[in-house]
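Have a look at the structure below, then the notes.
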Amino acid sequence: MTELIRTRDELFSFSFSGSGPIVLVPTMGALHDGHRALLRSARSVAGPGGSVVVSIFVNPLQFGPGEDLDRYPRTLADDLFMCSAEGVDAVFAPSGAEMYPDGKPSVTVDPGPMGALYEGAFRPGFFGGVLTVVLKLFNLVRPAAAVFGEKDAQQLALVRRLVTDLDLGVEIHAVRTVRDTDGLAISSRNRYLSISERKVALVLPHALRAGCEAAASGAAAAAALAAAREVLAAEPEVTVDYLALVDPVTFAPMEGAPGAEVAAGAVPAVLAVPAVLAVAARIGANRLIDNVRIDLSGGQRCC
Ligand code: PAF
């Protein structure tokens, strides 16, 4: 049975099994099949003797003015149902006052230079808010490991940086993006899309695939990007915030980076180092992000 925990006192007095690790899956709720994959991964990392804790908290700190904090979907009953079906031991769903008893904290996490790139440039304050709440959740739940989705690739890279730079000792596990059968990455915000907007949104995975296939057939960074850009440009209903080929660890742009052009001698010549091709775009009032990891080492394909 999944225990619903609302306060930090209840959390501290919850008796975890004790014979295995505590694994945390931080979420903002509105759980979907992408989250289900995170829960399953957490269950397997925890093992039969460990405990899986899912946090559900729509964190006001990571929403900017004019963003969708008030209308962000809140579906606790359905979320509990999924958690229970997936063998989650506890759901920690605190109120805003429980998480931030003194209001907006005056000490927060500075996400550093990576936090100012891409998502950070379009959503100022976003990564500071994310890393602050993740650090608080780690301090409250004290997990040995935590699971995050690759869908939020820059968030994942920054959480890894947080753990390394602040010596948090939490093992971070990444889970691949789950897609609908038509290729659209599953996201809590997809529910805002109208039927026609959802069709338009498919240009994102199509563009990523084009870029990825170009890279797999030997294109250098700039050409792979151009292939993706061409697909996006053919869809007038989409406004692109950014399209970038970046290092998965630092989120530095790959053009001109060592290994980013072509590896000599390989057939076909390919990007010699793993990369992430990431996109953010607006369709009507909705903003979607997506990415693919391009790793052509060892003859692997990426897409
Ligand atoms: O990815 C999310 O759902 C959120 O950014 C997170 C990590 C739960 C922090 O609020």
query: Modelled label-to-label distance, Phe12 and Thr75, 7 Å Cα→beta-carbon offset: nm?
result: 3.5
field: Viscosity 0.692 mPa s, 37 °C: Kirkwood-radius Stokes-Einstein D of the stretch 195-248 over Cα pairs, µm²/s
entry: 286
query: Kirkwood hydrodynamic radius (Cα pairs, Å) of the chain?
result: 20.3
Mean Cα-pair separation over length for the chain, i.e. relative contact order, pairs under 8 Å, 6 or more apart, %: 16
query: For the modelled label position 7 Å from the Cα of Leu4 along Cα-to-Cβ, which residues of the stretch 36-57 have backbone nitrogen atoms closer than 18 Å?
result: 53-57
field: Directionally averaged shadow of the stretch 1-123, computed from the convex hull of its alpha-carbon atoms, nm²
entry: 9.0
statement: With a 1.4 angstrom probe the carbon and sulfur portion of accessible area for the chain, in percent, totals 55
field: Taking the C-alpha atoms of the stretch 188-294, convex hull volume expressed per residue in Å³
entry: 90
message: Among Ser15, Ile172, Gly64, which residue has its Cα furthest toward the positive end of the charge dipole of the stretch 3-175, with +1 on Lys/Arg Cβ and -1 on Asp/Glu Cβ?
response: Ile172
statement: Mean Cβ-within-10 Å packing, highest first, puts peptides 128-136, 101-109 in the order 128-136, 101-109
query: Simple spin-label model, 7 Å along Cα-to-Cβ: Thr181 to Ser194 in nm?
result: 2.5
- line: Checking rank on 201-207, 10-16, with mean other Cβ inside 10 Å and highest first, the result is 201-207, 10-16
message: 5 Å is the cut-off here: which amide hydrogens, built 1.01 Å from N in the peptide plane, fall below it relative to Val52, excluding neighbours closer than 5 in sequence?
response: Val23, Asp89, Ala90
Computed lengthening from Lys104 to Leu166, 0.36 nm per intervening residue step minus Cα-Cα distance: 20.2 nm
task: Using a 1.4 angstrom probe, figure out how much accessible area the chain has per residue, in square angstrom, rounded to the nearest whole.
output: 46
query: Semi-axes, largest first, in whole Å: what does sqrt of 5 times each Cα gyration tensor eigenvalue give for the stretch 25-72?
result: 28, 11, 7
query: Given H placed on each backbone N at 1.01 Å, which residues far from Met28 in sequence or on other chains put an amide H within less than 5 Å of it?
result: Phe57
Only Lys, Arg (+1) and Asp, Glu (-1) charged, at Cβ; the chain dipole about Cα centre in debye: 240
- prompt: Could you sort Tyr192, Tyr72 by accessible area so the largest value comes first, with the probe set to 1.4 Å?
  reply: Tyr192, Tyr72
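The values are calculated or read from the model by the stated rules, or taken from the named source; none is laboratory data. Computed from a predicted structure; not experimentally measured. With ideal geometry, Cβ positions are generated from the backbone for all residues, glycine too; neighbour counts draw on all protein chains shown. Keep in mind that these areas ignore ligands, DNA and RNA; they rest on the heavy atoms of the full protein, side chains included. Shrake-Rupley method; radii C 1.70, N 1.55, O 1.52, S 1.80 Å.
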